[in-house]
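Structure first, then comments.
The values are calculated or read from the model by the stated rules, or taken from the named source; none is laboratory data. Note that the structure is predicted; figures quoted are calculated from it, not measured. Counting neighbours? That spans all protein chains shown, and the Cβs are built from the backbone with ideal geometry, glycine included. Protein only, heavy atoms only, side chains kept; ligands, DNA and RNA dropped before computing areas. Shrake-Rupley method; radii C 1.70, N 1.55, O 1.52, S 1.80 Å.
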Amino acid sequence: MAMTNPDVPDLDRSSGERALDVATDQLRDQPASPQVAQAAGRVLARALAAPRRATTIETADPLLQVSSVALVALLRSALADAVADAAVRRIRLDVRDRGRLHAVHVELVARYGTSVPESTEATHAVTRRVLTQTLGTGPAPGADDVTQHVHVSDVTHGDPHLAEPLDEDEVGDA
């Protein structure tokens, strides 16, 4: 059994992982406080109640529109399940002309050593599938008319799903 010395750096783990382990151990040693649990519950309730900026997006069916918040959630879920070794950091929808979706911009965080072309190709395929299933096929609002942009904005040694995400997804009107 190997002994570890806290004064000698562990070359197999990042300093962030070691700091997280130390913080986790310190929190486990603390007695449970009902005030902390109450405050956490209030913070979560307020965060969930906060309004999100949304717009409606046309579909191939003239009687049906989709919320941009719902579309982003569908894309996030599908991409999380389908794209290996990469995670969505941000999704921005470019909505113009009274609700017409013109472009989808997906920003990824990839694990170091991941094939960027494979991740972006998988992201394009999943995005197209979700757009087709949600918006339909056909005239203007269909997935075939939507431009997709995929960008790998960061690389991490650890799990890309645990990388620090940006605070909010965006909907842009041009």
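Looking at (1) surrounded by fewer than 18 Cβ atoms within 10 Å (Cβ to Cβ); (2) within 17 Å of Q148 (Cα to Cα), can you tell me which one V106 breaks? Of (1) surrounded by fewer than 18 Cβ atoms within 10 Å (Cβ to Cβ); (2) within 17 Å of Q148 (Cα to Cα), only one is false for V106: (1).
The single residue among E107, E164 that is acidic (D, E) and at pLDDT 85 or above turns out to be E107. Restricting to the stretch 109-132, what's the tally of residues that are crowded, with 21+ Cβ neighbours inside 10 Å and under 22 Å from P62 (Cβ atoms)? Looking only at that region, the number is 1. Filtering the stretch 56-69 to residues that are crowded, with 18+ Cβ neighbours inside 10 Å and more than 14 Å from T132 (Cα to Cα) leaves only S68.
Evaluating G138 against the criteria (1) modelled with pLDDT under 80; (2) within 23 Å of E17 (Cβ to Cβ) leaves one unmet condition, (2).
Pairs linking a residue in the stretch 85-106 that is of a type in the set (K, R) to a residue that is open to solvent by 20 Å² or more (accessible area, probe 1.4 Å) and at pLDDT 90 or above, with Cβ atoms under 8 Å and 6 or more positions apart or on different chains, are R89/E107; R90/H105; R90/E107; R92/H105; R92/E107.
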